[in-house]
Amino acid sequence: MRPRYRSPVVTGQLNLPFDPIERAAETWRVHFGPSSAMAAVTSIMRAQQILLSQLDTLLKPHDLTFARYEALVLLTFSRTGALPLSRLGERLMVHPTSVTNTVSRLEGAGLVRRTPNPRDGRGVLAEITDRGREVARAATADLMGADFAMPMYGEDELDQMFDLLRTLRVAVGDFE
């Protein structure tokens, strides 16, 4: 068994003497019946809060949030360093308004620029700048150094987690 992990970047630690999700599941069983799905969903939601807090803390020195970091990295992965805003939103799986806000923030920081889409006269591309590439590299090094805030898990456990959550994503139609 791996040693208990205490991240140096955890914000809002609860330090409770019991597991509130387990306690809620016990109460749920008494009042409503089986609680496995409720406990799993609640655990996933709490894990998301924890991870976003830790990742955003790691990215703060780069003036990034995890959402902005994801957009920068996606642009670095593209052949030309530029993508239409609609494609960016599709790949990030977010609403168009969120993409516009993310790109505006990155543009304001000088990490991306908007350019006309040569293939679509009305469309706009988000293009990563040289400074954006530098920030993406540095931020990635920090995230990798912290194992994306998940060093308490081994590779096999991370692969299992990915597979379990992938089943949900397939079931709702994220991809075929």
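Only one of these is in contact with a Leu (Cβ under 8 Å, 6 or more places away or on another chain) and over 22 Å from residue 152 (Cα atoms): 96, 61. Name it. The conditions single out 96.
Within the stretch 76-91, the set of residues being open to solvent by 30 Å² or more (accessible area, probe 1.4 Å) and of a type in the set (Gly, Ala, Ser) comprises just one member, 86. Residues in the stretch 15-56 that are surrounded by 10 or more Cβ atoms within 10 Å (Cβ to Cβ) and aromatic (Phe, Trp, Tyr): 1 in all. Of the residues examined, residue 94 is not one that is within 22 Å of residue 174 (Cβ to Cβ), of a type outside the set (Lys, Arg) and surrounded by fewer than 13 Cβ atoms within 10 Å (Cβ to Cβ). Within the stretch 101-127, track down each residue that is within 23 Å of residue 57 (Cα to Cα) and among the β-branched types (Val, Ile, Thr). Once the filter is applied, which keeps residues that are within 23 Å of residue 57 (Cα to Cα) and among the β-branched types (Val, Ile, Thr), the stretch 101-127 yields 102, 103, 112. Scanning the stretch 130-147 for residues that are modelled with pLDDT under 95 and either within 29 Å of residue 47 (Cβ to Cβ) or open to solvent by 50 Å² or more (accessible area, probe 1.4 Å) (or both) turns up nothing.
Restricted to the stretch 97-119, and to residues there that are among the small types (Gly, Ala, Ser) and at pLDDT 95 or above, the residue that is surrounded by the most Cβ atoms within 10 Å (Cβ to Cβ) is 109. Considering the stretch 76-176, the qualifying strands (runs of 3 or more DSSP E), each wholly inside and each with 3 or more residues that are farther than 27 Å from residue 54 by Cβ and not aliphatic (A, V, I, L, M), run over 112-117, 120-128. Against the condition touching an Asp or Glu at 6+ places or on another chain (Cβ under 7 Å), closer than 19 Å to residue 147 by Cβ and not in a loop (DSSP other than H, G, I, E, B), how does residue 58 come out, does it pass? Considered against the rule, which asks whether it is touching an Asp or Glu at 6+ places or on another chain (Cβ under 7 Å), closer than 19 Å to residue 147 by Cβ and not in a loop (DSSP other than H, G, I, E, B), residue 58 comes out as yes. Test residue 70 against the criterion of being under 23 Å from residue 144 (Cβ atoms), open to solvent by 10 Å² or more (accessible area, probe 1.4 Å) and within 16 Å of the chain's Cα centre (by Cα), and give yes or no. Considered against the rule, which asks whether it is under 23 Å from residue 144 (Cβ atoms), open to solvent by 10 Å² or more (accessible area, probe 1.4 Å) and within 16 Å of the chain's Cα centre (by Cα), residue 70 comes out as yes. Out of curiosity, is residue 122 over 30 Å from residue 22 (Cα atoms), buried (at least 20 other Cβ atoms within 10 Å of the Cβ) and not β-branched (Val, Ile, Thr)? So residue 122 fails the test.
The values are calculated or read from the model by the stated rules, or taken from the named source; none is laboratory data. Computed from a predicted model, the values in this text were never measured in an experiment. Cβ coordinates were reconstructed from backbone atoms using ideal geometry, including for glycine residues, and neighbour counts include every protein chain displayed. Calculation scope for accessible area: heavy atoms of the full protein, side chains included, ligands and nucleic acids excluded. Shrake-Rupley method; radii C 1.70, N 1.55, O 1.52, S 1.80 Å.
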